[in-house]
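The structure appears right after this line, and notes come after that.
The values are calculated or read from the model by the stated rules, or taken from the named source; none is laboratory data. All values reported here derive from a predicted model rather than from experimental measurement. Backbone-built Cβ (ideal geometry, glycine too); neighbour counts: all protein chains shown. Ligands, DNA and RNA are stripped out before the accessible areas are found, and what is left, the full protein with its side chains, is counted by its heavy atoms. Shrake-Rupley method; radii C 1.70, N 1.55, O 1.52, S 1.80 Å.
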Amino acid sequence: MPHDHHDHDDDHALLPPDPALRVKALETLLTRKGLIDPAALDEIIETYAHKVGPRNGAQVVAKAWSDPAFKERLLDDATSVCADLGFYGRQGEHLVAVENTAEQHNIVVCTLCSCYPWPLLGIPPGWYKSDAYRARVVREPRAVLADFGVQLPDGQAVRVWDSTAEIRYLVIPQRPEGTDGLDEAALADLVTRDSMIGCGLANTP
Amino acid sequence: MSRVHDMGGRYGDGRVKPDPEDGPVFEKDWHARALAVTLAAGALGQWSLDTSRHARERLSPKDYTRFSYYEKWMAGLANLLVANGVVSRAELAGGPPEPSPLSARRLPADRVAGVLASGGPSLREGPEPRFHPGARVRTRKPAGNAQVPGGHTRLPGYAAGAVGTVILRHGCHVLPDANAHGFGEQPEPLYTVVFDAADLWSQPERAGDEVTCDLWESYLEPAS
């Protein structure tokens with residue numbers, strides 16, 4: 001085989017260029033070598049397509065809104081508090097919860113890749129992984145919020161958390177007005193995925 | 001020193017296009033397969049998460065830019081499989097697959113739930129932290145791996161040489177700069193450091209807004 005340095009740097013170029021065919025080629029090769037089990041792939045996909053997603057995080061937020069002692073424990077040690085609720089695992093081994101207040105609004109990003117708290121929010125949406133979000137939100141978070149239709153009051157400072165290590169962040173959005181009588185399940189319905197990243201606000205009833 | 005993935009602060013990317021809250025988790029079937037193949041191949045234990053991040057970062061700038069998200073994952077995985085001797089170039093090119101001694105490590109379907117639920121914590125025993133909450137620190141400049149030219153690091157370029165304040169301590173964590181390159185875990189104290197936007201950007205959007213980064217102790221020196 002011709003041995004060209006450039007080619008050797010680009011082993012992936014040996015695969016078909018079409019992305020779907022690339023994945024299929026890798027899956028087929030690894031399966032035929034006995035290195036992956038297609039049924040395990042189905043199980044992984046089923047987990048993140050249907051079982052682990054932002055409804056987990058919404059339960060945590062609703063509990064924090066309802067129970068001040070729980071919120072205090074969550075802010076102090078989110079990893080163990082969330083694990084007690086069954087929310088632990090890959091890409092959620094070390095959790096920190098940050099609370100939005102009238103004084104401070106928090107936003108989470110991973111400028112270097114796509115770090116995200118999987119056990120609480122599932123697989124990140126496309127925009128979270130986009131170049132535009134990763135490039136801009138640290139420099140102009142208010143302009144990025146405007147892309148989401150969110151405008152913050154002048155008096156509310158913004159703190160952007162760049163997830164550069166294995167710490168994963170959950171934003172506790174501000175509890176909306178007019179929700180005093182609602183139970184945890186009804187409150188959880190108001191908590192959006194984007195509000196737990198800091199790029200949205202919780203819905204109002 | 002920077003690589004193309006280190007894009008925080010960059011100009012020219014246009015607006016962010018939000019996805020609907022109720023949209024599909026995987027936009028295309030092959031996105032789901034790409035994620036699953038990557039996780040299942042990772043479970044063979046032949047590389048660390050740090051190494052796999054570095055494999056995506058070291059795609060050529062041209063490929064990194066033109067590839068969509070999961071295409072980067074596939075290209076990084078293909079390169080890792082060959083670099084670690086898990087598959088050969090001939091196999092990748094479509095040649096007949098040889099049996100692998102690693103097949104005993106294959107992740108079976110009935111172990112998936114357990115593996116995903118147990119994760120891979122990066123917290124380790126290690127030295128006492130040098131900095132206390134409230135300490136003023138200055139980051140390394142330029143941002144780069146101190147041991148490997150162009151190597152993996154987690155100090156973003158936009159925060160290189162900036163002075164900030166320690167607000168959280170997280171214990172000692174595996175140092176990606178070492179672990180990505182097979183130099184062992186070399187755990188170090190990890191901190192969250194907050195920076196005033198005015199100390200990062202020549203034209204900050206609003207005075208008093210802040211950015212935090214999670215940074216290992218060797219990225220930092222005391223600042224008065």
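For the stretch A:181-202 and the stretch B:29-98, write down the distance between their C-alpha centroids in whole Å. Using only Cα atoms, the two centres lie 36 Å from each other.
In whole angstrom, the stretch B:153-200 maps to an equivalent ellipsoid with semi-axes of 24, 14, 5, each derived as √(5λ) from the alpha carbon gyration tensor and ordered largest first. Per residue, the convex hull spanned by the Cα atoms of the stretch B:29-118 measures out at 122 cubic angstrom.
Here the Karplus relation 6.51 cos²θ - 1.76 cosθ + 1.60, evaluated at θ = phi - 60°, turns the backbone of the stretch B:171-176 into coupling constants of x, 9, 10, 3, 7, x Hz, with x for every Gly and Pro.
Could you give the Stokes-Einstein D for the protein assembly as shown in µm² per second, using the C-alpha Kirkwood radius, 37 °C, 0.692 mPa s? Write out the running numbers ahead of the final one.
Values: Rh = 22.4 Å.
The Stokes-Einstein estimate is 147 µm²/s.
Per the accessible-area calculation with a 1.4 Å probe, the total area buried between chain B and chain A rounds to 8100 Å².
Here the 3J(HN,Hα) profile of the stretch B:102-119, calculated from phi with Karplus coefficients 6.51, -1.76 and 1.60 at θ = phi - 60°, is 7, 4, 5, 8, 4, 7, x, 4, 6, 9, 4, 4, x, 5, 5, 6, 8, x Hz, Gly and Pro shown as x. Note on chain B: GNM, Cα springs under 10 Å; of B:Arg56, B:Arg89, B:Arg154, the largest mean-square fluctuation is that of B:Arg89. Averaging over all projection directions, the Cα-based convex hull of chain B occupies 15.8 nm² in the image plane. What lysines could a cross-link reach from B:Lys62, if we take a straight Cα to Cα line under 28 Å and drop same-chain neighbours fewer than 8 places away? B:Lys62 reaches A:Lys24, A:Lys129, B:Lys17, B:Lys28, B:Lys72, B:Lys141.
In chain B the longest region clear of GluC sites (Glu not before Pro) that are loop-assigned by DSSP and have at most 13 other C-beta atoms within 10 Å covers B:22-124.
Going highest first, how would you order A:86-98, A:171-183 by mean Cβ packing within 10 Å?
In decreasing order of mean packing, A:86-98, A:171-183 become A:86-98, A:171-183.
Could you work out the mean count of beta carbons from other protein chains within 10 Å of each residue's beta carbon in B:26-34?
Values: counts 4, 2, 3, 3, 8, 6, 9, 10, 6.
The per-residue average across the peptide is 6.
The phi torsions of the stretch B:121-127, fed into the Karplus equation with coefficients 6.51, -1.76 and 1.60 and a -60° offset, translate into couplings of x, 9, 6, 9, 5, x, x Hz, rounded to whole numbers, with Gly and Pro shown as x. Normalising the Debye intensity of the stretch B:124-222 to I(0), with uniform scatterers on Cα atoms only, and taking log10 at q = 0.21 Å⁻¹ returns -1.05. Go ahead and set up a Gaussian network model of chain B, Cα springs under 10 Å, then flag whichever of B:Gly23, B:Gly151, B:Gly161 fluctuates most. Fluctuation is largest for B:Gly23.
Listed as lacking a disulfide-compatible partner in chain A: A:Cys82, A:Cys113, A:Cys199, by the criterion of no other cysteine Cβ under 4.7 Å. Peptide B:60-69 has a mean shielding of 2, counted as Cβ atoms of other protein chains within 10 Å of each residue's Cβ.
Over chain A, all Cα pairs binned in 10 Å intervals from 0 give whole-percent P(r) values of 8, 29, 30, 18, 11, 4, 1, 0, listed from short to long.
Taking a straight line from the alpha carbon of A:Lys51, these aspartates and glutamates sit under 19 Å away, with near neighbours fewer than eight places off in the same chain left out: A:Asp42, A:Glu43, A:Asp84, A:Glu93, A:Asp189, A:Asp194, B:Glu21, B:Asp22, B:Glu27, B:Asp29, B:Asp110.
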